Amino acid sequence: MGKPLKNHLIKNSHADDVSNESDNAVFSKVMNVHLSRRSMLQSSGALGVAAALPLGLFGSQNAQAAVLESNMQRTRSLGFKPVPFSSEDKVIVPEGYTARAFYKWGDPVGIPGRMPAFKTDASNTTQEQALQAGMHHDGMAFFSLPLGSDNSNRGLLAMNHEYVDNGLLFKDGAANWDLNKARKGQNAMGVSVVEVQKSGNGWQVVRPSRYARRITANTPMGVTGPARGHDLMKTRADSRGERILGTMQNCANGYTPWGTYLTCEENWSDIFTNSSGNITPLEKRYGIGKEEDGYLWSRVDERFDSSKNPNEPNRFGWVVEIDPFDPKSTPRKHTSLGRFKHEGAKVTVTPDGRLAVYMGDDQRFEYIYKFVSKNKYQPNNRAANMRLLEEGTLYVARFNEDGSGDWLPLVHGQNGLTAANGFADQGEVLVKTRMAADRVGATKMDRPEWITADPFVAGSIYCTLTNNNQRGAEGKPGTDAANPRADNRFGHIIHWQEAGGDGTRTAFKWDILVLAGNSQSHKAEHRGNINGDDFGSPDGLAFDSRGVLWIQTDVSASTVNLKEYAGMGNNQMVATIPGSNEYRRFLTGPNGSEVTGIAFTPDNKTMFINIQHPGEPAAGDSDPAKPTAISSWPDGPAAGRPRAATVVITKNDGGVIGS
Ligand code: FEO
Ligand code: CA
Ligand code: CA
Ligand code: CA
């Protein structure tokens, strides 16, 4: 080993590739943007007319009671003064607000008696890293303590640590590579559960805490659903296909009404190699190749070389449920929710009490999915609810040109998902979810990222489509009504309304909330139609309980404030109220960072967000000799290296965020 890789890329390197070469229908060159009645109203400046009810009701509203998340009043206006674009190496929030970093990479998670302090020179050991905050914080949720309460002063934060930067994780970067170094990386990924509490000094991590937990790429996990025990899930180390070591590349997230956390495995294929070069069709469809992507794990651990362990990759790409209230609980991978590059999982309760879970597959030309549970949510039966994600129907979305849409079931025996076509049973349909979706004719989207649901309108769902500069390129799918821009550098946000407000139905209507852009661009197709503060590459997306929609951006480090994004500064967060057609910038992040992850206390007076990868260079890992070359956030230049961190945001007058 010890062979340093020149300029190796470790970050989400495959996220931008195209693995979908299926020839399922794409709408041919529809150049006109599908404009809903609401979009027309917006572009003609008739603000607020359709504010509360995008797309009209599309069916009856009478089933909406009890399925909506919020018990607050819907707000009609944004109350903060926007901040300008920024290239400053700090987090900037509006006047009257305070943002403070805590729970930084390397901070002890708070496991009693095992709380190693962060060492600023990256000399923490592999074992210490497993007891500390991981790197590159991403999706996150807040759970009030005790379970079932709506306490806004004490709770648990569960959060993802998506990937690692070997240039920051080690004094000597990826040089002198060995298994111990790979293990430190594995211990820096996964999930944290930390207890947090508001005191006189503001929010603090509670240490020690009986809830504190780190889940890593080696934590044992269970498996549920049709792919549990399937031949495609069996390995030498797990001949039954029922026990998987770890979760990794945990991107966005979800949470359930019974107080569990969902972590979603996104760019896991970057970890795997097939060193033989005999890439199978299944591997190709998921982006696994001969070359590894800078993680180097497969060089020292055969588990990650599929020529040696052909089924190990099949055990990643799932949604994992974690009970944050029980640090001894075993996380479970729910195969019913499909296998792809999961961004997040937005759980909604349908009018009849079942669950509809919305999920994006983040790669160019991939799909949007929905899982509908077989059984019903029971507010007073947590044990039964814990099984709800084990059984149900997975669908994939088709967005029709006329503004209608269909959820197409991915069910063995239907729509050509038969043994003759390579799907022997439902387990195989799920392991090969992308291939099943190709066959039924799903719509190829511009990189589906986060999905969220309007807390005041049942079945009203929004999804960020972050960008796709291959749309319309030679040999690639052209534009369609739902992905209307060729060379889509800025991305858009799509919205759909389930028929009758009912997430169990298979029909919906859709429109485009906004085309992101740079209004100063000399190219018309890059300007977008934002009214207010410009942004591009929307990624994180969540409603708060007042109906404000928060949008976080992830412009890649190679593009941020450059090229078509010149003048737009660092990544940022903007707010809107759907229907108002107003976008207002709330926060700008430090240099080289992405703004991601969002959680609120129930009173909406505290917002938690994550700053991921401050200091990320345009390509490859950070230079271990100059870790602060781009950013020294949050600790300052003397502190040694930049650190991903959670940021707690409060209003100085103690008021509601955004008011
Ligand atoms: Fe990890 Fe699609 O962002
Ligand atoms: Ca993301
Ligand atoms: Ca992204
Ligand atoms: Ca990023």
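Hey, what's the per residue convex hull volume over the C-alpha atoms of segment 490-558, in cubic angstrom?
Here the figure is 134 Å³ per residue.
On alpha-carbon atoms, Rg over Rh for segment 184-293 using Kirkwood Rh?
Radius of gyration over Kirkwood radius for segment 184-293 works out to 1.07.
How many percent of Cα pairs in segment 587-659 exceed 21 Å?
37
Scaled to the compact-protein estimate 2.2 N^0.38 Å, what is the alpha-carbon radius of gyration of segment 102-233, rounded to two decimal places?
Compared with the compact-globule rule of thumb, segment 102-233 sits at 1.17.
Given the rule -39500 (n - 2.57) for each run of at least 4 DSSP H residues, summed and divided by the residues of the chain, what is its mean residue ellipticity at 222 nm, to the nearest 500 deg cm²/dmol?
-2000 deg cm²/dmol
Keeping every protein chain present and rolling a 1.4 Å probe, give me the accessible area per residue for segment 27-651 in Å².
Roughly 32 Å² per residue, with all protein chains present.
Quickly rank 552-563, 95-106, 422-433, 376-387 as a protection proxy: mean count of other C-beta atoms within 10 Å, highest first.
Order by mean packing, descending: 422-433, 552-563, 95-106, 376-387.
As a test of understanding, state the convex hull volume per residue of segment 539-594 from its alpha carbons, in Å³.
Output value, Cα hull per residue: 83 Å³.
Can you compute the equivalent ellipsoid semi-axes for segment 443-566, i.e. the square root of 5 times each eigenvalue of the Cα gyration tensor, sorted largest first and rounded to whole Å?
26, 18, 11
Would you kindly calculate the translational diffusion coefficient of the chain, applying Stokes-Einstein with the Kirkwood radius from alpha carbon pairs, for 4 °C and a viscosity of 1.567 mPa s, and quote it in µm² s⁻¹ without decimals?
Value of D from the Cα-based Kirkwood radius: 53 µm²/s.
Report the far tail of the P(r) of segment 330-376, meaning the percent of Cα-Cα pairs longer than 15 Å.
For segment 330-376, the share of Cα pairs beyond 15 Å comes to 48 percent.
For segment 506-659, what value does the Rg/Rh ratio take when both radii are computed over Cα atoms and Rh is the Kirkwood radius, given to two decimals?
Radius of gyration over Kirkwood radius for segment 506-659 works out to 1.01.
Would you pull out the residues with amide H under 5 Å of Lys605's amide H, same chain only if 5 or more places away, H placed 1.01 Å from N?
Ile657
Debye sum, Cα scatterers, segment 389-500, no solvent: what log₁₀ I/I(0) at q = 0.14, 0.21, 0.23 1/Å?
Here log10 of I(q) over I(0) equals -0.69, -1.19, -1.25.
Report, in whole Å, the centroid distance computed from the Cα atoms of segment 452-502 and segment 617-659.
31
Let me have the relative contact order for segment 304-419, percent, based on Cα pairs under 8 Å that are six or more residues apart.
After rounding, I find 16 percent.
At q = 0.14, 0.15, 0.23 Å⁻¹, what is the base-10 log of I(q)/I(0) for segment 327-422 according to the Debye formula with one equal point scatterer per Cα and no solvent? Please give it to two decimals.
-0.62, -0.70, -1.31
Order these peptides, 411-421, 290-300, 453-463, by their mean beta-carbon neighbour count within 10 angstrom, highest first.
453-463, 290-300, 411-421
Which pairs, out of Lys290/Lys370; Lys476/Lys563; Lys104/Lys171, put more than 28 Å between their alpha-carbon atoms?
In this structure, Lys290/Lys370 exceed 28 Å between Cα atoms.
The values are calculated or read from the model by the stated rules, or taken from the named source; none is laboratory data. Note that this is a predicted model, so its numbers are computed, not measured. Counting neighbours? That spans all protein chains shown, and the Cβs are built from the backbone with ideal geometry, glycine included. Accessible surface is based on the protein model in full, side chains and every heavy atom, while ligands, DNA and RNA are left aside. Shrake-Rupley method; radii C 1.70, N 1.55, O 1.52, S 1.80 Å.
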